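Undergrad: My structure is below; once you've seen it, I'll send some questions.
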Amino acid sequence: MRGVKMAELGHRERLMRTIEYKETDRVPLFYRAEDVVNRKIKEAYGLKNYYDIIRYFDSDAIQVPVVRNPKYHGEIYEDDTFSDIFGNRYKQVKYGDISSYTVVKPVLEDARSVDDIEKVRWPGDDYVDIEESVKKAKEAHSSGLAVYGGMWASIFTTSRSIMGEENFFISLYEQPDIISALTERLTEFYISVNEVYFQACRKYVDIFYFGSDFGTQNSMFISPEMFREFFKPGLKKIIHHAKGFGLKVMFHTCGAISDIIPDLIECGVDILDPVQVSAHNMDPMQLGQKFKGKICFHGGISTQTVLPFGKPEDVRRQVIEAIEALGPLGYIASPDQDMMGDIPLENIETMFRTIREYKIR
């Protein structure tokens, strides 16, 4: 009834209802940040752990990882490089308070035929540490939060790591059969891992969350046509498999990816993460006009511009603009990336307070 305030919902129900564009009591929100921010927040507010942070900001969801079997943690070498599960060698690179990893020796940097794919160190069915994975998923579910889980099935990003950036992009044109065979093999691997994980953890997980970064600041890494030829089939299979367990699906891809949003919808994606508002053609108003009712949006509050450099009133303004452009139903409000240490606590407080206090009319 119009004018009657809706009763307060639980976190899980609130978030799951908004995905389906059903009435909610408020816009659901999701907290995410780098460890340096979590440490700063715990110290500032006297909080003990990550769950305390989640409760403090009233987040409606939490992400839990697939815990891998310790035997697949790779090797560490004398030159300070280390291997991943596929046999690629990485080196850690630090940027102030955070660190990243760069591939220094891809497994298939010299790939010349489809047969070379067998040089990859493909993990077996025992990749998942079932006991620890169930423990983490069960703990998250018991909190009452919506749970994001599943293997981070990154067929695009992982293909680039396995082949090396230069070899990968050249091979899209000169050796497309290798790219196709590699993405098919990766798809099979990720589905096999999710099969084991979902069989054990399905009753504790609400949303399968995975992704690959197809976008840059101004365009996609590859053309939409290449996305459809080489990667869309695998995404569709991975999503279909998760839907067979009754899960909603959230797909993460940064950057300027507006050209493939219809493809993601066709693949079965329920939630697009993130709406990176600072990227080309990712204006929330335009996306809302085109796709509202067809997909749920996630993100939309810039960790690149407004959150680190704006004043609280700028943050408040962007939050309200995002909600009104992308929601209020069918929108999960969140920073568009993990928040980094350059974001003032005052702006974080303002963002989440504005989301919680926004009145759905």
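Undergrad: Find the residue count for region 61-106, including only residues that are more than 22 Å from TYR190 (Cβ to Cβ), basic (Lys, Arg) and surrounded by 13 or more Cβ atoms within 10 Å (Cβ to Cβ).
TA: So the answer is 2.
Undergrad: Among (1) touching a helix residue (DSSP H, G or I) at 6+ places or on another chain (Cβ under 8 Å); (2) open to solvent by 30 Å² or more (accessible area, probe 1.4 Å); (3) over 20 Å from VAL205 (Cα atoms), which single condition is LYS248 missing?
TA: Single failed check for LYS248: (3).
Undergrad: Could you please give the count of residues in region 211-229 that are over 13 Å from SER154 (Cα atoms), polar (S, T, N, Q) and buried (at least 17 other Cβ atoms within 10 Å of the Cβ)? Break it down stepwise before answering.
TA: From region 211-229, those over 13 Å from SER154 (Cα atoms) are 215-229; that's our starting set.
In the following step, the residues that additionally are polar (S, T, N, Q) were identified as 216-219, 223.
If we keep only those that are buried (at least 17 other Cβ atoms within 10 Å of the Cβ) as well, we get none.
Counting residues in region 211-229 that are over 13 Å from SER154 (Cα atoms), polar (S, T, N, Q) and buried (at least 17 other Cβ atoms within 10 Å of the Cβ) gives 0.
Undergrad: Filter region 25-69 down to residues that are polar (S, T, N, Q) and closer than 20 Å to ASP206 by Cα, then give me how many there are. Can you show your working first?
TA: From region 25-69, those polar (S, T, N, Q) are 38, 49, 59, 63, 69; that's our starting set.
Cutting the leftovers down to closer than 20 Å to ASP206 by Cα gives us 59, 63.
Of the residues in that region, 2 qualify.
Undergrad: Another question, if that's okay. Yes or no: ASP126 outside any strand (DSSP E or B) and exposed (fewer than 14 other Cβ atoms within 10 Å of the Cβ)?
TA: Working: outside any strand (DSSP E or B): yes; exposed (fewer than 14 other Cβ atoms within 10 Å of the Cβ): yes.
When the stated conditions are applied, ASP126 passes them.
Undergrad: So which of LYS232, LYS243 is within 26 Å of TYR331 (Cβ to Cβ) and open to solvent by 30 Å² or more (accessible area, probe 1.4 Å)? If you could, list the steps in order and put the result at the bottom.
TA: On the way: LYS232 fails: open to solvent by 30 Å² or more (accessible area, probe 1.4 Å).
Going through LYS232, LYS243 in turn, just one is within 26 Å of TYR331 (Cβ to Cβ) and open to solvent by 30 Å² or more (accessible area, probe 1.4 Å): LYS243.
Undergrad: Then there is this: What is the residue count in region 280-335 for residues that are open to solvent by 20 Å² or more (accessible area, probe 1.4 Å) and either among the hydroxyl-bearing types (Ser, Thr, Tyr) or in contact (Cβ under 8 Å) with a residue 60 or more places away in the chain (or both)?
TA: 6
Undergrad: Six or more apart or on different chains, Cβ atoms under 6 Å: show the pairs whose first residue is in region 191-206 and open to solvent by 30 Å² or more (accessible area, probe 1.4 Å) and whose second is not in a helix (DSSP H, G or I).
TA: These pairs meet every condition: VAL196/VAL128; ARG202/PHE245.
This table checks each residue for (1) touching a Leu at 6+ places or on another chain (Cβ under 8 Å); (2) assigned to a strand (DSSP E or B).
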| residue | (1), (2) |
| --- | --- |
| LEU186 | no, no |
| LYS203 | no, no |
| PHE208 | yes, yes |
| ASP213 | no, no |
| ILE222 | yes, no |
| GLY234 | yes, no |
| LYS237 | no, no |
| GLY255 | no, no |
| MET282 | no, no |
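The values are calculated or read from the model by the stated rules, or taken from the named source; none is laboratory data. Predicted model, so just to flag it, every value in this text is computed and none were measured. Methodologically, a virtual Cβ is constructed for each residue, glycine included, from the backbone with ideal geometry; neighbour enumeration extends over all protein chains shown. Remember, those area values only see protein heavy atoms, side chains included, never the ligands or the DNA or RNA. Shrake-Rupley method; radii C 1.70, N 1.55, O 1.52, S 1.80 Å.
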